[in-house]
Each structure stands twice: as C-alpha cells, then as structure tokens.
Amino acid sequence: MEEASTHFAVGQEFSSFQSLENAIDAYSKSAAVQLYKRSSRTIKNALQRCPKKVINEALRYSEIDYACVHGGRSYKSTSKGHRPNQSKRRICRTVSDFKSRTNTVLMEMEKPYGKPYGEFTVQFGTVPSKAAFNERGIELNRTFLMGCTFSLKLRASPDGKKLKITHFDSEHHGHNMSEASFSHLPSNRKLSTNEKDDVRQLLKLNANKKLVQQHVKATTGKNVRLKDLHNLARSSPASNAQDIITILKKSEGAVIEVMENQGILEGVFYQRKGWQTLYRMYPELIFIDATYKLNNVNMPLYVLLGLDGNGDTFFICLWFVKNESKPIMKAMLEFFQKHNPSAPATFMADKDWLERGVIRELFPEAHLLICLFHTLRTFRREVTETSMACTSGQRKLYLQVLQSLAYAKNQEEYDELLTRLESIENQKLIRYFMRNWHEIRQEWVLGLTNEAQHLGNHTNNRLEAINQKLKQVMKRNAGLGEFASGLMLCLDSLEQEREARAAMVFEKVNVYQYTGCGSLEEYLKRLTPFAFQKVRSQFEESRSLTVSGEDEEQEHITFGDYTASSRDCNCGFFRTIELTCKHIFAVRTHHLMDLFVDGLCSQHWSKDFYRGQLYSRSSSEISLQVTEAPPRTAIPSEGERYRMAFQVAKQLASTASQLPLREFHKAITVLQDISSFWEQGREFMLLLMDDNPTHTTSDHTPVALPLSTVEEPEAPDSPHVEAPEASDSSDIEAPEASDSSDIEAPEATGSFDIEAPEATGSFDIEAPWIPDSSAIETPTTSQMELNNNKLPKRAPKRGWPKGAEVTVIGLPKRKKGQGSLKPYKDLSSVERGLMILHWIVADADPSELQDLSKIPSSESDLSMQVLDQDVDISEARQHFSVEAWAKVLDLVERKEKSHEWVCSVCRESLSLHTQAISCDRCLSWHHIKCATAKGSVPKGKWFCRSCKA
C-alpha cells in the first residue's frame, strides 16, 4: 500500500483511487484546506470513447480534477427573481470573473427580476461594505467561492495502470488556512453512520442539544453545529402504511383494524389484549376525545379511557383517522363494538366532537355526557358581542347566567335560572340556547347528570392529562413511523406506571389504622385506597349534618334538599358513585346502627374485584383485519348538505390561511366570485391554468367564470366524490332539518379476515363480508398491499394558540394575593382622588399635572360618578392646574343640570320604576337584571364584575 503524501508534484503516480483519496486526506489535514472533485470522467465513459483502451478498474476514473472549496467553478444563480421575499436575504446574482494572477474580482449585482443594477470592483479578499449594498437595497447571498486558484489534475497513464498528476497549482488565495476554520467546514463536521445512529438515539430521548453537541465533540472531535443536530433529528425515512402496522404489531395480543378506501389509508383501530380485560371489568364510564398535530399527515389520534376501581385511568382503545367524517368515525366505533361486547354505561365526550350522533346510534342505552370545561368554552366562543348584538357588559351578564345554568344543582334551580335567561330581552341568545342546549340539558347541567354513572367525573380532565403526557414524548408533526414508535413507547411507559400503582395497593398497608371506629376499619379492608378516601371524607362531613325532617315511621330523614334512609339516598354522590354517602352515615348514626353494611358499596370499588386486573400478557396472537369503505349512495337531507358544505368550507379556510400573502388575496378573490355567482343563481366552472414548469410566473391560479362567458369543454365522466360529514356542532345555526343521526347512511363494508404472520408483503384475503343492504354495492377487492396505499396529504406546521387572562367561559379571572375589595368610602383620600381624576380625564397620567388641553370639551365626556353624593370632587384638586380646575368645576356644574343616570351594562336609562344597584367600589349604577345572574337584589356590599376582575 502506498504511503499517503502531504504534498503533490507533477508526474506523481497512484496505483488506485483509494491511495489517491488517502493522499488527498493527508494533504487536506496538513494544509488545513478542503478539496473537492471539480470534474471527472469514469472508466466506463472513457471506454465508450476508446473501446480498445485498457484501464485498471482500481483507478475508478480516467480523468479527475480537484479544486479548493473556495475556488473552482464560479457560481451563477439561475434565479429569475420571481420570489424576492422567499428569505430574509433578497435574491441577487454574483458572477466572478477571475483574472490571472491578480487580486481583483468583478462582481455584477442585479436587482430582483433580473434587471442590471450596477457594478463594483473590489479588492480580492475583502467584503464590500454592508452600507454600500444597503444603499441600493441589495444584500449578497453568502458563498464559499473566494477565487482560490488551487487546482490538481490527474489522468490515466498511457498503459492505463496508474493515475498520473499532469497539472498542479499549489497556490491558495483569498481565504484563511487555519486548523480552527478548517474544523468547521461542512465536510469535517459530517458524522459517520454509526455516529449518526448514536446521536439520533440521544435526540430521541429529548436530550439537550447543547449537551449532545459537546458530547459529540468530546467523543469524535468534530465541531457539529446545533443546526446539524436539528436537521439530524428532523430527518426520518418516508413512512407508509405497512411501516405503521409493523410497529403496532410488536404488541403482544393486539387487535388491529385497518380501514382503507381506494388504496388510501383512512383509519387504524388499535387495542391491546390487556385493555380488553380491563374494559370487561370496568365498562361503566368511557372518556373519549382526540388530540391533534402529532403527525405530519394531520391524522387526529382518538383515545378512549376507562376508570378502574382505584380511581386510575386505563386505555380502552385508540385509533387515528384521515378525517373525522361520519362514515369513518362510525366504522371505528363499530370496530370497538365488535371486539368489546360489554355495553358502556356512560360516555364523556366533547360538545364539539363531530359525530356524537354515532354514539347515540350504536349505543342507544348509554348516557352521553358533555365535558363541563368544553361546555363553558363553547359558551365563550359562541356568545360574542357580534353574534348576540350586545355590549361588552351585557355579554358578561349572559355568560354569568349560562355558567350558573351549567352549575345548577337540580331541576328547580335550572328552571329558575332559565326564567331569568328568558327575561333578558335578547332573542338571539334565547334562540341559540333553546335550539342547541335546552333539549340536551341532562348531558351538561351538573345537577341533572345524576342519572348517568359518571363516577364523580364532570370533565375530560383525566383524558386531557393523558394527552399532555403523549405530547411530552411524541414530537409534533412527526412522520407516521416516528409517530407510531413514540406512541408505543409512551403507552408502554404509562402502562408500566399504572401496573406498579395497582401492585402497591396489595403490597402496602396504611400505617394509621382506624382502631377507634371499627366500621371505618372494615371499609379500609374492603375498599381500594381511592374509594376509601371518598368514604372517609363523607363520614367526616356526616358529623356536621343537621336533620331537617323525619317521616312517621322514622325510616327516611331529610337533610335540606336530600332524603336518605339507612340503605338509600337521592343525593348525586350515592347515585353516581355508588359509595356510602354522608346522609346514609348520618341516618345510621341517628338510629345507632352499624356504619358498615355489606353490599352498600358497588363492586366497582372492591379490593377483591380490583385484584383481577393484574392480568398476564401471555397471548401473542395478533388480529389484523383490513376494511374497505364503499362509496356512499344515500341522498343527504338539507341539514346534512349544510354540514357537508360547512366541513369543506372549514378545510378551504385552513388551506387559504397557509398560503403566501399574495396568493392568499387571489384565493379570497376567487372564493368571493364563487359566492357572488351562487347568490345570483348563475352557473359557473373552474378553469385551472396550464401549470407549465417552463413558466416561472406564480399567477397561474384557478379562475371562476360563469358558463355564459366560456365554452364548456367536454370532460370524461368523473367518479362520485363524497363530501365529508361535519359535526352536529352547536356553534353553527344550521337550517331547520332532521338531525344527521336520523339519516341511515350505508356502513363501512367489506371486513376481511387476513392471515398476515409477517408485517411485510401482501395480504391474502379469504372472503369478503357483505352486509344485508341492497343500497350498497359490493366492493371488488383483490390482493392488497398496505405499503402501496397512499397516506393523506402532509399537514403544514402551525403554532400553538395562547390563552388569555380569563376563565374558560370568558369571565375575568379573580386576581390572587390582592385581598378583599374595599368600598369607595373606606379608601384613603389619595386613592379616591386618583379615581376622581380618571372619571374626569380617562387616560390621565397621575404623575403629571393636568393642564387645560387635557380637560374634556363637553360635560358629556365626564363619568356619572362625579355627581354621586359620596364623592368630594375637591379631593382631586392637586392633579389640575388653576385654569384646568376652573374648567372642571364649570363642566361638573353643567352636568348637574343636564345629566341622566344610565346603566353601565346596557347603557339604558335608570327609570324610577326599575330596580337598580350601585357598585360600592366604582359607584357605577346597574339594573338589577343586568347586574346579577339571578336578577335578585344582593345582600350587603356589592361590587360589579369590572371591580372584581
């Protein structure tokens, strides 16, 4: 083997390309320069020109030229300047014309769109001043090319056995040659395959990139940059449907259902064997919700959770789908129903969840509850000043009434608050509430949900917590393969933690035993720790209960609104959680009965029953089935067509918001034209401009034209395109039509049993299952390969929305740490003076003396509070100049003669026949109906919502 040389000379020969590469590497390290192959000709191409010539195959090339990375072929941009705002640096073109053995270079600058701008002649090795270019509005793109003249040329020897140096120019010009700069060049930062794998593993564990950077430098000596690590973390191989199934099949005993339509993946259902066991034990309550932005194809991940006997959540199943249309969501729930025969008692869902009607259709006996958090959030979004035609103060009153309705304890309180709502003279609000919320009040009013077995849960907070844990592990907008891998890792971790907590229930006992109360000790032995804590809490509260009534037989005792016996109670705790409540404890204590009675607590909370969930993962059989969704043939109703169009409109809005600003305005113009044509009842067609790749203009956009102005071209028959279903959402006032859940839509058909012991290759389909329905055409299916299926379109990246300083329903949050409010009378004279100052000059700066120019010109600009009997206007005298104070007194005197008191909420007059109340802090007046949710006069001191915010 030839020894690597640190210098070259004309006539030097190399017997193989490998020995040449070793010599190039040795020279680069010794001279601290980077060389690259500027041009070359392979042996194969050389033999095509001279077929009879014999060349050693170890040479690999017959001709090869090397140049310095700072020299060689000059760069010439091919940009036409049609995208000048593509980056922060505006596009320009640099043409370097090097003159032999001189230190000058001619740089020709061009404006955007290719128009010549001017010339600069600069001394080689220096950078033109930034100010010189900024004066002309141009910035140079950065390049490694600095005009270095180094060159090394090699040709095959006449006998074809060696590569011989025919030309060597060793001079380097215009760039630094140091070890420090050499180590930061891209080729020297490049990691090997094994090094990349090690770094990827660290980045998958969410290691700090700065620490990883220093670790790489310590172990490899390479100066990688943070952007290199970022690119390495984001680079992932392209995923297909088969890769996802391969990852999901690694779970033992998993059930996997794949739904596809015409070769496009539409949904994947996933459930582990252990989850099925837990659900059979605890089918009382199911939390269901979706989380988004976890993969780059915008497939939402739906998670279904249950609640075990120790108050811990467990996974029931999950699925991710192409979109949330009704056919797909129905197919996923049918998969769940197929593999889990136990019917759920209660669903906790989101009011905005698109297909709540599907749950009612497939599970008619189950109770459907709406998350309280999402209920209040929907009120906040829908009740706005624009939609309800109200003022800001009136909106806060409406939200306060709606919030009180959500927290109503019983039907009587709900009816009272409903009467209060109807007394508000806003027909839009009443119509919105009666149409969307009143008929389903048993699903969202806390006091009316006691018929459902919600186990004390009124929100989806447990599921939201799980979603947050998933997002901590899984990257946003990850590839599907990375998404599935991260999902499996997170599920395994959460399962491991839950099983550990379950095991500790039987491995540990409480240090404090209830020896003083034998009944509580019996509860402790029989109930899980979570259930016992609730029972103990009820027992403590029972000691403070007061008996308000008792029947003649002394079996039932009344405690306020609730009536209880020794084994029964009508309170929400006993009916929904099925544990001994405080009222039953009080009755048994009153009759000197034993506090513990066998069978009073549900088996759900039993320790013995809870022990059965410690299952063994012994099954390794994996069930994989593929279902093809057929085209839908049912005729949609008017209401359903509205929802279908609304779903498409939402998708249009999402797509348009991601366009560049210039194209966004064009798209809006097209949509406005379409809306105008529809309103006029005119037919039109869309013509797509020829998108010729040779054209560089970006003006090729679809144009909407009326059919009367263009000749309609002949088009082949296009297949029926199914519009996606939309939700039965409360935030849209749809036309009066039948609910979408009343329309019988064809179900997803063609469920196939597939024998697929391996994850790769095609699947053998045995026999299609055809439902008994003449309205559906049987799909023709041949052998399908999931790796040939197309994935949905990749979703663009978006930011995360930020919250506001208000509660979930939109009312201002109460600020902590400021103590209780003081009435105006209890404030100091300085504080009262500042309030008076702002009543006179709204935007006044207390640190400045108010001169005559800052005083309002009319008495109508003064706040009404300056006329209150408790206000001494002279307390604000020190904030005004002499002339300004004289004008203030004149304005107050004129306002006393012409003033009219108005409500601060509705801005209507306070008539003598209308009850009103004044805020004890800011002294503003309000109608009673505008001030309080119940419309009654409050007792004691009262502060308005603005002061309490």
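Some values worked out for this structure:
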read-out: Segment 645-666: number of residues that are in contact (Cβ under 8 Å) with a residue 40 or more places away in the chain and either over 23 Å from the mean Cα position of the chain (by Cα) or at positive phi (or both); value: 1
read-out: Members of segment 337-358 that are crowded, with 22+ Cβ neighbours inside 10 Å, assigned to a helix (DSSP H, G or I) and in contact with a strand residue (DSSP E or B) (Cβ under 8 Å, 6 or more places away or on another chain); value: Arg356
read-out: Selection from segment 3-59 of residues that are in contact with a strand residue (DSSP E or B) (Cβ under 7 Å, 6 or more places away or on another chain), over 19 Å from Gly72 (Cβ atoms) and not small (Gly, Ala, Ser); value: Val10, Gln12, Glu13, Phe14, Phe17, Thr42, Ile43, Ile55, Leu59
read-out: Residue list for segment 177-197, filter: of a type in the set (A, V, I, L, M), part of a helix (DSSP H, G or I) and surrounded by 15 or more Cβ atoms within 10 Å (Cβ to Cβ); value: none
read-out: Residues (open to solvent by 80 Å² or more (accessible area, probe 1.4 Å) and touching a Phe, Trp or Tyr at 6+ places or on another chain (Cβ under 7 Å)) located in segment 864-876; value: none
read-out: Gly174 open to solvent by less than 60 Å² (accessible area, probe 1.4 Å), of a type in the set (Gly, Ala, Ser) and either part of a helix (DSSP H, G or I) or out of contact with any Phe, Trp or Tyr (no Cβ under 7 Å at 6 or more places or on another chain) (or both); value: no
read-out: Any chance Cys930 is in contact (Cβ under 8 Å) with a residue 12 or more places away in the chain, open to solvent by less than 30 Å² (accessible area, probe 1.4 Å) and assigned to a loop (DSSP other than H, G, I, E, B); value: no
read-out: Residue within segment 443-455 that is within 17 Å of Thr378 (Cβ to Cβ), out of contact with any strand residue (DSSP E or B) (no Cβ under 8 Å at 6 or more places or on another chain) and in contact (Cβ under 8 Å) with a residue 24 or more places away in the chain present; value: yes
read-out: In segment 387-414, the residues that are closer than 20 Å to Cys571 by Cβ and assigned to a helix (DSSP H, G or I); value: Ala406, Gln411, Glu412, Glu413, Tyr414
read-out: Cβ pairs under 6 Å, 6+ apart, first in segment 591-607 and under 30 Å from Glu550 (Cα atoms), second in a loop (DSSP other than H, G, I, E, B) and charged (D, E, K, R); value: Ser602/Glu578
read-out: Selection within segment 663-680 - open to solvent by 60 Å² or more (accessible area, probe 1.4 Å) and either at pLDDT below 80 or of a type in the set (Val, Ile, Thr) (or both); value: Thr669
read-out: Among residues of segment 456-502, those that are under 21 Å from Leu376 (Cα atoms) and either among the small types (Gly, Ala, Ser) or part of a loop (DSSP other than H, G, I, E, B) (or both), counted; value: 6
read-out: Subset of segment 821-854 (residues that are under 20 Å from Leu891 (Cβ atoms), small (Gly, Ala, Ser) and over 46 Å from the mean Cα position of the chain (by Cα)); value: Gly833, Ser853
read-out: Enumeration of residues in segment 884-916 that are closer than 24 Å to Ser829 by Cα and surrounded by 12 or more Cβ atoms within 10 Å (Cβ to Cβ); value: Ala884, Trp885, Ala886, Lys887, Val888, Leu889, Asp890, Leu891, Val892, Lys895
read-out: Residues of segment 566-577 satisfying the condition of being without any contact (Cβ under 8 Å) to a residue 60 or more places away in the chain and open to solvent by 60 Å² or more (accessible area, probe 1.4 Å); value: Arg567, Asp568, Asn570
read-out: Subset tally (residues that are in a loop (DSSP other than H, G, I, E, B) and modelled with pLDDT of 90 or more) for segment 509-540; value: 1
read-out: Considering residues of segment 379-437 that are basic (Lys, Arg) and within 21 Å of Leu369 (Cα to Cα) only, the residue farthest from the chain's Cα centre (by Cα); value: Lys409
read-out: Unmet requirement for Ile430, which otherwise passes all of (1) within 17 Å of Leu285 (Cβ to Cβ); (2) of a type in the set (Val, Ile, Thr); (3) open to solvent by 10 Å² or more (accessible area, probe 1.4 Å); value: (1)
read-out: From Glu412, Glu385, residue being surrounded by fewer than 20 Cβ atoms within 10 Å (Cβ to Cβ), free of Cβ contacts under 8 Å to residues at least 12 places away in the same chain and touching a helix residue (DSSP H, G or I) at 6+ places or on another chain (Cβ under 7 Å); value: Glu385
read-out: Residue match in segment 438-458 (condition: of a type in the set (Lys, Arg), more than 27 Å from Ile577 (Cβ to Cβ) and touching a helix residue (DSSP H, G or I) at 6+ places or on another chain (Cβ under 9 Å)); value: no
read-out: Tally of residues being surrounded by 12 or more Cβ atoms within 10 Å (Cβ to Cβ) and more than 22 Å from His70 (Cβ to Cβ) across segment 6-43; value: 12
read-out: Conditions (1) open to solvent by 10 Å² or more (accessible area, probe 1.4 Å); (2) at pLDDT 90 or above; (3) more than 17 Å from Gly456 (Cα to Cα); number of the one not met by Arg543; value: (2)
read-out: Enumeration of residues in segment 388-409 that are surrounded by 18 or more Cβ atoms within 10 Å (Cβ to Cβ) and of a type in the set (Val, Ile, Thr); value: Val401
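Every residue, every condition in (1) touching an Asp or Glu at 6+ places or on another chain (Cβ under 9 Å); (2) among the polar types (S, T, N, Q); (3) surrounded by fewer than 20 Cβ atoms within 10 Å (Cβ to Cβ), yes or no:
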| position | (1), (2), (3) |
| --- | --- |
| Met474 | yes, no, no |
| Ala478 | no, no, no |
| Cys490 | no, no, yes |
| Leu494 | no, no, yes |
| Glu499 | no, no, yes |
| Met504 | no, no, yes |
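The values are calculated or read from the model by the stated rules, or taken from the named source; none is laboratory data. Worth saying up front: this structure is predicted, and the values here are computed from it rather than measured. Using ideal geometry, Cβ is built from the backbone for each residue, glycine included, and neighbour counts are taken over all protein chains shown. Areas reflect the complete protein model, heavy atoms only, side chains present, ligands, DNA and RNA absent. Shrake-Rupley method; radii C 1.70, N 1.55, O 1.52, S 1.80 Å.
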